[in-house]
Amino acid sequence: MTRRTAAAGAVLTLLALLTGCADEREEYCEALAEEKATLNELAESSADGGDVLTPTLESFEELRAVAPEELQDEWETLVVAYEAVVDAVEEAGIDPAEYRPDELPEGVSEAESERLAAVASKLLSPRVREATAGIEQHGREVCDVSFTG
């Protein structure tokens, strides 16, 4: 094989890799824009009652599945934190549609209330905040999707 043939092969391989990355980025950015709309609707409807936890977790899981490699850790952190809240709510016997951190349904023990508060507080932990900030920054800079305004 000549140098020219080898160089051409290397260029074609590089182009294929870059195109694959661009396709993955485009898929993620499209999913991010779609899920942003879903999450905004959920936020608006949360005051009306209904299950917001489960669909929020589902949106996050969908985004984690298509996220680029550089965001896998951030999405994993966020999804695991929300899974813990959803699991704790279910283990406490609370219908996710009735879960409000400030106003727990009647019959929830003090121990369950404290456990729920501890699990929910992890959503505000530095690790989850950093993960969320990284996701938001990538969304703004790469996908032109802003979650603030």
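For (1) surrounded by 10 or more Cβ atoms within 10 Å (Cβ to Cβ); (2) among the acidic types (Asp, Glu); (3) touching a Leu at 6+ places or on another chain (Cβ under 6 Å); (4) modelled with pLDDT of 85 or more, each residue gets a yes or a no:
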| residue | (1), (2), (3), (4) |
| --- | --- |
| LEU14 | yes, no, no, no |
| GLY20 | yes, no, no, no |
| LYS36 | yes, no, no, yes |
| ALA43 | yes, no, no, no |
| ALA47 | no, no, no, no |
| LEU53 | yes, no, no, yes |
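So that you can scan it fast, the table gives a plain yes or no per residue for (1) closer than 25 Å to ALA37 by Cα; (2) loosely packed, with under 15 Cβ neighbours inside 10 Å; (3) of a type outside the set (Phe, Trp, Tyr); (4) over 16 Å from the mean Cα position of the chain (by Cα):
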residue: ASP73; (1), (2), (3), (4): yes, yes, yes, no
residue: ARG100; (1), (2), (3), (4): yes, yes, yes, yes
residue: GLY107; (1), (2), (3), (4): no, yes, yes, yes
residue: GLU130; (1), (2), (3), (4): yes, yes, yes, no
residue: SER146; (1), (2), (3), (4): yes, yes, yes, no
Of the residues in segment 101-121, those that are at pLDDT below 90 and among the basic types (Lys, Arg) number 0
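The values are calculated or read from the model by the stated rules, or taken from the named source; none is laboratory data. Quantities reported herein were computed from a predicted structural model and do not represent experimental measurements. In this analysis, Cβ positions are derived from the backbone assuming ideal geometry, glycine residues included, and neighbour counts consider all displayed protein chains.
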